[in-house]
Amino acid sequence: MVDHTNRHDEGTRTPRRALYLASAAALAAPLALAGTAANGAETRTASGLAPPASSADLATTPHDDPGVTGGIDGAAMRQRMLHDSPSKDAPGLRAAGGVPRVQEEDAGKSVDDGGDSAQRLSAPRSLGGWELRVDGDLDTKPVGTEAVAPNEEDDGAIPLARDLGLGVDRRGVSTTGVVGDGPHGSEGHATGDYDFYRLDAAKGETLTVDIAPDAELVANALLYDAEGNLLVGAQDMTGEGAVHLSQRIEERGTYYVAVGNHFPDDPFDPSSGPAVVTEGPYELDVTLHSRSAADTDVYAVPLRKGDVLGATVTGSARQVAVHELDGDLVQRSSTDPGIIYPGDSPLARGGNATANHVVERSGLYLVSVGDGAGDYALTVGAHRAPSTRGDHVQTVLLDFSGPSFDNRIFGANALEPGVRDLSPMRDFLPRWGLRTADERAVIEATTQRVRETLRHEIPGSQVRVTNDVEDPDLFGEPGVSRVIVGGTVEEAGLVPALGLSESVDPGNFAREETAVVMPELMAGDHPISLNPFLTDDSDRVRAVGRSLGNVAAHEIGHFLGNFHTDDHDDPTSVMNTGNLLHFYAVGPDGAAGTDDDDHIAMRTARFDRLQGISGVEDTPFRTSVALG
């Protein structure tokens with residue numbers, strides 16, 4: 001049985017993560033990363049598999065290893081969430097003096113009744129925003145687990161899954177398993193081993209999965225429906241090793257829980273994993289709470305268009321969610337992304353789980369608290385985005401000159417903290433087959449791509465996008481954020497990534513931030529280089545400008561408040577993780593910089609399902625409120 005107490009052990013945390021990196025470097029590097037092959041077929045990727053840990057760990061890990069890039073910046077974002085800590089004064093953790101407190105009064109237990117049973121929270125009148133603390137209790141009934149024998153191999157896909165036999169008479173099981181002992185582990189075909197488990201569940205039941213990995217294993221928990229759609233995933237977001245997943249079942253049917261690394265390309269094919277990353281034994285608990293056994297408290301909150309809602313929960317609860325009044329999910333969170341909010345953000349954060357929402361329509365919304373038993377404290381509030389108050393029009397400066405910057409703004413992503421000097425973008429032009437004389441054309445193409453993304457395609461956007469050639473001394477003025485385009489990972493003293501943003505800032509409360517795009521991994525002999533997509537048919541200036549512009553727009557999207565979205569949603573969003581190299585915009589001809597290049601924009605898409613957040617992000621609207 002999984003021990004549900006705190007598994008945090010500082011003595012073992014770094015070795016576990018260091019070994020994860022070494023495994024990724026040794027086993028994932030030879031893989032071909034995804035993009036579009038010459039025949040238009042999608043190829044597999046190992047990006048996003050390995051999170052960086054420390055400068056000592058990374059000293060033995062090549063910067064060109066796809067396993068540590070995490071797409072554009074996914075592993076780097078997880079690095080900050082694992083190692084940065086919220087300020088003790090963060091909204092949601094600070095002393096409650098001056099914050100109105102409300103007691104739970106038999107809050108509703110369902111989000112499916114139009115809010116009829118929800119406890120109504122009255123928002124205090126305020127021009128700038130409001131905040132409430134709700135003290136409540138979850139009366140979730142405990143579910144016992146029955147020990148069952150481990151699976152027999154091969155159990156690495158949906159057709160091979162072992163039925164757990166959950167039902168009326170058996171509500172929970174405990175078992176053990178080993179990732180790596182199947183025919184596709186490191187001693188077999190080496191595409192990655194998965195263990196699949198089958199169960200049947202009814203609408204309204206709550207499924208919980210707890211994994212306690214031992215030794216070297218860094219595990220993911222994956223939940224699929226009968227058609228093989230990945231509904232939600234979970235990974236360790238605390239650095240403690242344990243993995244926890246909780247999901248309310250929306251439709252009666254058959255579901256599959258998988259344990260492994262990352263996720264397979266095809267859950268019906270046991271050989272479709274991306275790589276062997278880590279392997280080892282684990283303990284597994286799977287429980288199914290009936291609708292009456294799993295307590296959820298639901299609160300109705302009045303919000304106005306343009307409000308930015310923040311909610312965080314401490315105590316026994318491990319999940320907070322925001323729903324439309326009709327019950328449609330906006331965002332469900334089992335982690336605290338507030339760690340990477342900027343210090344200027346007034347949004348509630350710092351709890352076990354934190355959610356946010358930029359409100360598109362005025363009215364009542366539902367905030368639910370669940371996944372726990374016992375006392376909790378919910379901090380919930382809404383604040384007006386600066387753009388709604390007539391603040392300075394946001395300016396974004398693209399700086400290609402190779403400026404100095406203090407990398408400590410990136411928190412735990414600064415492996416060698418301090419002021420760093422970067423080489424200018426022009427130093428990378430020869431690696432793409434371009435000349436120094438092409439510098440101005442690449443700058444103009446990159447700037448134009450960012451303008452298209454942020455101004456021309458976002459309703460009502462007033463943003464000004466410029467560059468250091470047009471406005472060399474602009475950074476430092478009010479309302480000016482910048483993106484540095486240049487430098488290598490070593491020069492920057494940062495974790496390996498294509499780009500990094502100073503924060504994720506729903507509402508854009510901090511309007512003078514910095515992001516960096518490092519061309520090193522995109523140029524030359526690197527597994528994620530643009531060069532394999534540059535052919536005799538390519539307009540190289542166009543290809544480089546479009547690629548740099550897409551990565552820059554992705555990082556800008558973060559400091560405007562957007563999270564990672566799902567790579568497999570169509571059409572492609574700028575905020576996709578980048579694991580499939582979509583940011584190169586390669587079309588069916590397999591070449592970048594040609595007339596059939598893909599068009600990437602800010603699009604509404606599902607959140608990336610491995611970041612601890614689920615639901616749908618309306619990226620264009622969030623961006624429009626951020627920019628005004």
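The values are calculated or read from the model by the stated rules, or taken from the named source; none is laboratory data. Computed from a predicted model, the values in this text were never measured in an experiment. Ideal geometry is used to build each Cβ from the backbone, glycine not excepted, and the neighbour counts take in all protein chains shown. Heads up: the accessible areas ignore ligands, DNA and RNA and are worked out on the full protein's heavy atoms, side chains in. Shrake-Rupley method; radii C 1.70, N 1.55, O 1.52, S 1.80 Å.
Among the residues of segment 410-435, those that are at pLDDT 95 or above, open to solvent by 20 Å² or more (accessible area, probe 1.4 Å) and assigned to a helix (DSSP H, G or I) comprise Arg426, Asp427, Pro430, Arg431.
Pairs meeting the criteria (first residue in segment 532-546 and among the acidic types (Asp, Glu), second residue surrounded by fewer than 20 Cβ atoms within 10 Å (Cβ to Cβ), beta carbons under 9 Å, at least 6 apart or on different chains) are Asp537/Asp589; Asp537/Thr594; Asp539/Thr594. Here Gly460 does not fit the description of being open to solvent by 60 Å² or more (accessible area, probe 1.4 Å) and within 30 Å of Gly306 (Cα to Cα). For segment 118-146, filtered to residues that are open to solvent by less than 50 Å² (accessible area, probe 1.4 Å) and hydroxyl-bearing (Ser, Thr, Tyr), the residue that is modelled with the highest pLDDT is Thr145. Each residue in segment 463-487 was checked for being open to solvent by less than 40 Å² (accessible area, probe 1.4 Å) and in contact with a Leu (Cβ under 8 Å, 6 or more places away or on another chain), and 15 of them qualify.
With a requirement of 1 or more residues that are modelled with pLDDT of 95 or more and over 22 Å from the mean Cα position of the chain (by Cα), the strands (runs of 3 or more DSSP E) lying completely within segment 443-558 that satisfy it span 464-467, 480-485. Where strands (runs of 3 or more DSSP E) sit wholly within segment 324-397, those with at least 2 residues that are of a type in the set (D, E, K, R) and more than 22 Å from the chain's Cα centre (by Cα) occupy 374-384.
Among what's in segment 388-398 and is open to solvent by less than 30 Å² (accessible area, probe 1.4 Å) and either touching a helix residue (DSSP H, G or I) at 6+ places or on another chain (Cβ under 9 Å) or basic (Lys, Arg) (or both), pick the residue that is modelled with the lowest pLDDT. The extreme case among them is Gln394. Here Leu325 meets the list (1) at pLDDT 95 or above; (2) surrounded by fewer than 24 Cβ atoms within 10 Å (Cβ to Cβ) almost entirely, failing just condition (1). Under 8 Å between Cβ atoms, which residue pairs at least 6 apart in sequence (or on different chains) link something in segment 379-401 that is touching a residue at least 40 places away in the same chain (Cβ under 8 Å) with a partner that is open to solvent by 40 Å² or more (accessible area, probe 1.4 Å) and in a loop (DSSP other than H, G, I, E, B)? Matching pairs, first to second residue: Ala382/Arg304; Arg384/Leu127; His392/Pro478; Val393/Gln462; Gln394/Gln462; Phe400/Val469; Ser401/Pro472.
Among the residues of segment 339-346, are any buried (at least 23 other Cβ atoms within 10 Å of the Cβ), out of contact with any Cys (no Cβ under 9 Å at 6 or more places or on another chain) and polar (S, T, N, Q)? For segment 339-346, residues buried (at least 23 other Cβ atoms within 10 Å of the Cβ), out of contact with any Cys (no Cβ under 9 Å at 6 or more places or on another chain) and polar (S, T, N, Q): present. Among the residues of segment 436-457, just one is open to solvent by 50 Å² or more (accessible area, probe 1.4 Å) and of a type in the set (Val, Ile, Thr), namely Thr436.
Residues of segment 305-336 that are closer than 25 Å to Leu610 by Cβ and among the acidic types (Asp, Glu): Glu324, Asp328, Asp336.
Of all the numbered requirements in (1) under 21 Å from Arg171 (Cβ atoms); (2) without any contact (Cβ under 8 Å) to a residue 12 or more places away in the chain; (3) not basic (Lys, Arg), Gln319 misses one, and that requirement is (2).
The number of residues in segment 583-614 being in contact (Cβ under 8 Å) with a residue 40 or more places away in the chain and either under 29 Å from Asp328 (Cβ atoms) or part of a strand (DSSP E or B) (or both) comes to 13.
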